[in-house]
Amino acid sequence: MRADLLSESIAGLDEALAAVDGFDRALAGGLLRPQPAQVADLTELAHAVAGTPLASRVAEAAEKSAAGAASEDHFVALAAARTALLGSVHDALVSRLDEATGRTRDEEPAPEPGAWQAANLPAAARAWLSDLARAGWQGIDHDVVSGSAQVVSAMLPDPSMRRLATLLDGFAVELAASCPGASLERVPARRWGDLWSRAMLLTLPGASEAPAADTATGRLLPLGVDLQEHATAAQAQVHAVFEPADGAAPRLVRASVSAPKPDTVVGAGVWQLLRPHMSLLAAVGEGRSMELAGMPVTAEGDLLWSDEHARPSEPADAFATARVALPHATGAATAPLDRHPARIAVPVFLEGYAARKDDDVLTFTVAGHPLAVDTDRVPAAGPLTPEAVAASGACIGLLRWDAGTYRVQPLAVETTLRKKAVAIHAGAWAGGTTDKVGVKAEKAATDAVTVLRERAGRLLRK
């Protein structure tokens, strides 16, 4: 990998992000009676897209918003401009990553047209989101936030609207927990700007349509597992190389499984909640490949996992896959609304680097160029530790972009323990473990889940 390319600046990147930050500041203060600083930020957003097809609409929207007279259509235009700018940042960063890794990427196929049902519900959602924009994050209160409740309740029974409904529901819960906005010490402007603009665009006809899923038949070679935890939910995303049975070029794919969880289940106990829903986790833990037959897969490389389309196959070492198959694997396309810097997670293989730790910051020096290591993303539900990463000589990871720089998230490392070369994987306990620490954590989780089920049963009987 050409690590030197990751440290070079990208023309226009800082300017695009500055325009987004400016709009987020304006949105935080509310667009009902914009102040001069907000007007300047809105004007900067319009200038940032002046050379695009959005130019005239965004210029009008910025002008109307500056006068406190913006309509729903104007807010949609502003959301589109913000999304387009972050999409351009995503594309520039991914293009640089493709150049650094020497990989190619699939072109995005056109989505299939679909029917848009119940236009009144998206309109109601747009009206609520417009009220949020007028109030601003510093002006929200429970009356404003609760306006989404009826819309969400009406949307949830319709599968075609569930994506938007889930987003609105989660967004409203997050806002409600922060009310009143006037008392907030810190406003998560980028995050709420992301959620607001995405929800606003999802209210438009066709915004949530996606290309029809294809099917995958061939061999799946896992690289590693990215485990993400929340107080009430957990998700495991397996990154892998797929080798089609027809001899076509190998592809980078992902398979994800999510499950709700009580906040008392932590560490290795999380695997108990995820394991029953995906046989792939057992294969990852055992270091095996899987044979797929007609597995649904999206244009973005996401396997719509179903155990009936997969069976365990021969042993497959992840580091052998990373050395031999990964360099030739084709990257998947990214859907328009998913083009965001936070979504970047490109599998890479690094070796021959020097690790250096300054205070709590770990850095790999790859071919003479520094690359930050995000050890905060190493999950507690596995044997991989920041110390093992610091002592490693080879690493399978995900290249991300965060806080203005590329960072590598370790999924597995090769290191030396007791004068013996070993591989340590973040997802090594996914299918079960005999490790003392892992066994102890799983037992504690089992006890916690058992108690919760008994309590839930008593409540239901009452």
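Here, each number is a calculation from the coordinates, and none is a lab measurement. Predicted, not measured: the structure shown is a model, and the values here were computed from it. FYI the Cβ positions are ideal-geometry reconstructions off the backbone, even for glycines, and counts take in every protein chain you see.
Looking at the square roots a ≥ b ≥ c of the eigenvalues of the Cα gyration tensor of the stretch 187-261, which shape do they give, rounded for a/c under 1.5, prolate if a/b is larger than b/c, or oblate? It comes out oblate by the Cα gyration axes. Note on the stretch 336-425: Cα convex hull, mean projected area over all directions, 6.8 nm².
Going down the table (K420/K443; K261/K357; K261/K436; K261/K440; K261/K443), which pairs top 27 Å between alpha carbons?
Check vs 27 Å cut-off fails for K420/K443; K261/K357.
Derived scalar couplings between HN and Hα for the stretch 247-257 equal x, 5, 4, x, 10, 7, 9, 9, 9, 10, 9 Hz in order, rounded to whole Hz, by the Karplus curve 6.51 cos²θ - 1.76 cosθ + 1.60 (θ = phi - 60°), x for Gly and Pro. Stretching the chain fully between D302 and S153 yields a gain of 50.8 nm (0.36 nm per residue, less the alpha carbon separation).
Helix 162-176 axis versus longest C-alpha principal axis of the chain: approximately 80°, rounded to the nearest ten. In sequence order, the stretch 388-398 has phi-based couplings of 5, 5, 5, 9, 7, x, 8, 8, 9, x, 10 Hz under the Karplus curve 6.51 cos²θ - 1.76 cosθ + 1.60, θ = phi - 60°, and Gly or Pro positions carry x. Measure nothing fancy, just the Cα-based angle from helix 120-135's long axis to the longest principal axis of the chain, in degrees from 0 to 90, nearest 10. In the chain, helix 120-135 runs at an angle near 80 degrees to the longest axis. Close amide H contacts of A233 (hydrogens built in the peptide plane, cut-off under 5 Å, sequence separation of 5 or more or a different chain): K261.
Taking Cα atoms only, the orientation of helix 55-66 departs from the longest principal axis of the chain by about 60 degrees. Here the spin labels are modelled as points 7 Å beyond Cα on the Cα-Cβ line, and at D98 and D246 they lie 2.2 nm apart.
Close amide H pairs (under 5 Å, H built 1.01 Å from N) link G224 with H239, residues at least 5 positions away or on another chain.
Please list, in order, the residues from the stretch 71-98 whose amide nitrogen is less than 16 Å from a point placed 7 Å along the Cα→Cβ vector of E174. The answer is 83. Full extension of the chain between H47 and L167 gives 40.2 nm of extra length, using 0.36 nm per residue less the Cα-Cα distance.
Scanning residues 5 or more positions from A316 or on other chains, those with amide H under 5 Å from its amide H are R288, S289, with H placed 1.01 Å from N in the peptide plane. For the chain, the 222 nm mean residue ellipticity estimated from helices alone, with every DSSP H stretch of n ≥ 4 adding -39500 (n - 2.57) and the total spread over all residues, rounds to -12000 deg cm²/dmol.
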